[in-house]
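These notes concern the structure reproduced below.
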Amino acid sequence: MLKVSAADFQRNIGRYQDLALREPVAVTRNGRESCVLLSVDEYRRLKRRDRRVRLVEELSDEEIALIAKAEVPAGYEHLDEELKDWNP
């Protein structure tokens, strides 16, 4: 990711807008990254991957019952190893 100071970004905004179409541009203030400029396509790609997190307490009884009945599809048995030492 390209890093640029806020002052340089302000002086050359068009240049960095063009560069952001190819790779994210991190804008720094006092040497620390403060924001990132990226293409609309990349932003939309990331937003599609967004997930809404819910607490278990927010689930309805019907949703909990559906989760309890769910089965892991064939081909994912290797993930059982990930849970072998898990404690609730």
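Being assigned to a strand (DSSP E or B) and surrounded by 13 or more Cβ atoms within 10 Å (Cβ to Cβ) is the filter here; which residues of the stretch 4-30 pass it?
First, the residues of the stretch 4-30 that are assigned to a strand (DSSP E or B): 4-5, 25-29.
Across the stretch 4-30, the qualifying residues are Val4, Ser5, Val25, Ala26, Val27, Thr28.
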**OP:** Kindly provide the set of residues from the stretch 1-18 that are aliphatic (A, V, I, L, M) and in contact with a Leu (Cβ under 8 Å, 6 or more places away or on another chain), ordered by number.
**Re:** Leu2
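Going through Glu57, Glu63, Glu42 one at a time, which residue ends up being closer than 30 Å to Leu21 by Cβ, at pLDDT 90 or above, under 26 Å from the mean Cα position of the chain (by Cα) and among the charged types (D, E, K, R)? Please lay out each step first, then the result.
Working: Glu57 fails: closer than 30 Å to Leu21 by Cβ; Glu63 fails: closer than 30 Å to Leu21 by Cβ.
Selected residue: Glu42, the only one of Glu57, Glu63, Glu42 that is closer than 30 Å to Leu21 by Cβ, at pLDDT 90 or above, under 26 Å from the mean Cα position of the chain (by Cα) and among the charged types (D, E, K, R).
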Original post:
Among the residues of the stretch 31-88, how many are part of a loop (DSSP other than H, G, I, E, B) and surrounded by 10 or more Cβ atoms within 10 Å (Cβ to Cβ)?
Top reply: 3
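The values are calculated or read from the model by the stated rules, or taken from the named source; none is laboratory data. Since this is a predicted model, take the numbers as computed values, not measurements. Positions of Cβ are generated from backbone atoms using ideal geometry, with glycine treated the same way; all protein chains shown enter the neighbour counts.
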